[in-house]
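Student: Just passing along the structure, written as structure tokens.
The values are calculated or read from the model by the stated rules, or taken from the named source; none is laboratory data. The model shown is predicted, which means the values in this text are computed figures rather than measured ones. As a convention, Cβ positions derive from the backbone with ideal geometry for all residues, glycine included, and neighbour counts pool all protein chains shown. Protein only, heavy atoms only, side chains kept; ligands, DNA and RNA dropped before computing areas. Shrake-Rupley method; radii C 1.70, N 1.55, O 1.52, S 1.80 Å.
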Amino acid sequence: MPISAIAQIPYYAATVGDGKLYGYTSLKVRPGINHQETYTTFQYGLGDHFATGLDLYTGPATATVPEASASGSAAVSSVSASGVLVRYGLPLSKWFNIGAEVTSSFNLNDSFKFSYLTSALYLNGAITKDSRLFWCTNTWWIVNRDAPPTYSNYEYLGYTINIKNGRAITPMIGAIHSWRFDQDASLAAGAYYTFKNWNLYLWGNDLQKHHPRVVVGIDFAY
């Protein structure tokens with residue numbers, strides 16, 4: 001039951017912070033076809049650089065889902081998986097920061113059996129002295145129980161437009177591709193609106209295709 005990591009919002013290196021709670025939820029659709037996904041995560045900071053949490057993914061079964069599970073049950077038309085994650089972030093400077101996350105996910109449709117392991121590397125930093133223009137990359141390595149591993153990466157450029165009262169709009173543009181460059185890259189773009197401790201996201205990828213994926217999400221940190 002391989003799960004695609006792409007079309008999530010970009011992740012940055014920093015964790016939520018000591019004693020703070022981070023939450024994010026999103027809905028992903030492909031207009032014109034029956035293809036809906038959801039993703040939700042809650043993470044709690046254990047120190048300034050370490051966090052742990054849980055996540056939940058739901059979506060359609062892909063063509064690579066095996067015809068039957070190890071128990072012999074019939075293939076399902078949808079996927080539900082819950083994961084346990086650990087995350088570490090190290091802010092080296094405003095120009096370069098590094099973070100990593102590992103998530104072990106379990107199939108809620110098959111007796112909570114192990115399904116896939118996601119490893120991620122998060123890099124980001126400023127391009128200009130005021131940090132308004134910045135770069136961000138996320139690298140994903142997913143080891144699946146019943147399918148070959150997947151490797152993907154995306155790179156973004158972003159620019160923060162400050163608004164009064166501490167609010168801001170941050171548009172970003174970039175591309176998503178496999179490590180091997182063995183298929184077309186996916187054009188991706190989006191923006192998020194920041195107010196107080198909340199962000200609202202409108203994102204998308206496969207923008208050059210007939211049915212691009214559109215993501216609407218919200219997160220908070222307290």
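Student: Could you name the lysines whose alpha carbon sits less than 29 Å from that of Lys20, not counting residues in the same chain fewer than 8 places away?
Tutor: Lys28, Lys94, Lys129, Lys164, Lys196
Student: With the full set of protein chains in place, find how many percent of the accessible area of the chain is carbon and sulfur; take the probe as 1.4 Å.
Tutor: 65
Student: Based on the Cβ-Cβ distance of Asn34 and Tyr159, what FRET efficiency does E = 1/(1 + (r/R0)^6) give at R0 = 30 Å, to the nearest 0.05?
Tutor: 0.25
Student: For Ser115, which sequence-distant residues (separation of 5 or more, or a different chain) have an amide H within less than 5 Å of its own amide H, given hydrogens modelled in the peptide plane?
Tutor: Correct list: Ser105, Phe106, Asn107.
Student: Got a sec? Charge dipole of the chain, +1 on Cβ for Lys and Arg, -1 for Asp and Glu; which of Leu27, Leu200, Ile161 is way out at the positive end?
Tutor: Ile161
Student: Check Ile127: other-chain or 5+ apart residues with amide H under 5 Å from its amide H, H built from backbone geometry?
Tutor: Close amide H contacts, sequence-distant or interchain: Leu133, Phe134, Trp135.
Student: Hey, if you drop one equal point scatterer on each alpha-carbon of region 22-65 and run the Debye formula without solvent, what base-10 log of I(q)/I(0) do you get at q = 0.32 Å⁻¹?
Tutor: So the normalised log intensities are -1.09.
Student: Testing the spin-label approximation: label points 7 Å from Cα along Cα→Cβ at Phe181 and Ser119. State their distance in nm.
Tutor: Once both label points are built, they end up 2.3 nm from each other.
Student: Show Arg145, Arg180 ordered by accessible area, largest first, where the area counts protein heavy atoms only and the probe is 1.4 Å.
Tutor: Arg180, Arg145
Student: Run the quick spin-label model on Lys20 and Leu90: label points 7 Å from Cα toward the beta carbon, then report their separation in nm to one decimal.
Tutor: It works out to 2.1 nm between the two label points.
Student: Here is a further query. In whole Å, largest first, what are the principal axis extents of the Cα atoms in region 107-222?
Tutor: Extents along the principal axes: 50, 34, 30 Å.
Student: So, taking all protein chains as they sit and a 1.4 Å probe, how much accessible area belongs to His49, in Å² rounded to tens?
Tutor: Surface accessible to solvent at His49 totals approximately 70 Å².
Student: Tell me the Kirkwood hydrodynamic radius of region 83-167 in angstroms, computed as one over the mean inverse distance between distinct C-alpha pairs.
Tutor: Every distinct Cα pair counted, the radius reaches 15.1 Å.
Student: Still on this model: If the chain were replaced by its equivalent ellipsoid, with semi-axes equal to the square roots of 5 times the Cα gyration tensor eigenvalues, what would those be, largest first, whole Å?
Tutor: Ellipsoid half-lengths, sorted descending, are 29, 20, 17 Å.
Student: What does the charge dipole of the chain about its Cα centre add up to, to the nearest 20 debye, if the Cβ of each Lys and Arg holds +1 and the Cβ of each Asp and Glu holds -1?
Tutor: Computed charge dipole of the chain: roughly 620 debye.
Student: Let me check the size of region 98-141 from its C-alpha atoms; what are the radius of gyration and Dmax in Å?
Tutor: 16.3, 52
Student: Work out how much length Ile169 to Arg132 would gain on full extension: take 0.36 nm times their residue separation and subtract the Cα-Cα distance, in nm to one decimal.
Tutor: In short, 12.2 nm is gained.
Student: Next question. Could you sort Phe42, Phe50, Phe181, Phe220 by their accessible area in this structure, using a 1.4 Å probe and putting the largest first? Numbers along the way, then the final one.
Tutor: Values: Phe42 105, Phe50 75, Phe181 140, Phe220 45 Å².
Order by accessible area, largest first: Phe181, Phe42, Phe50, Phe220.
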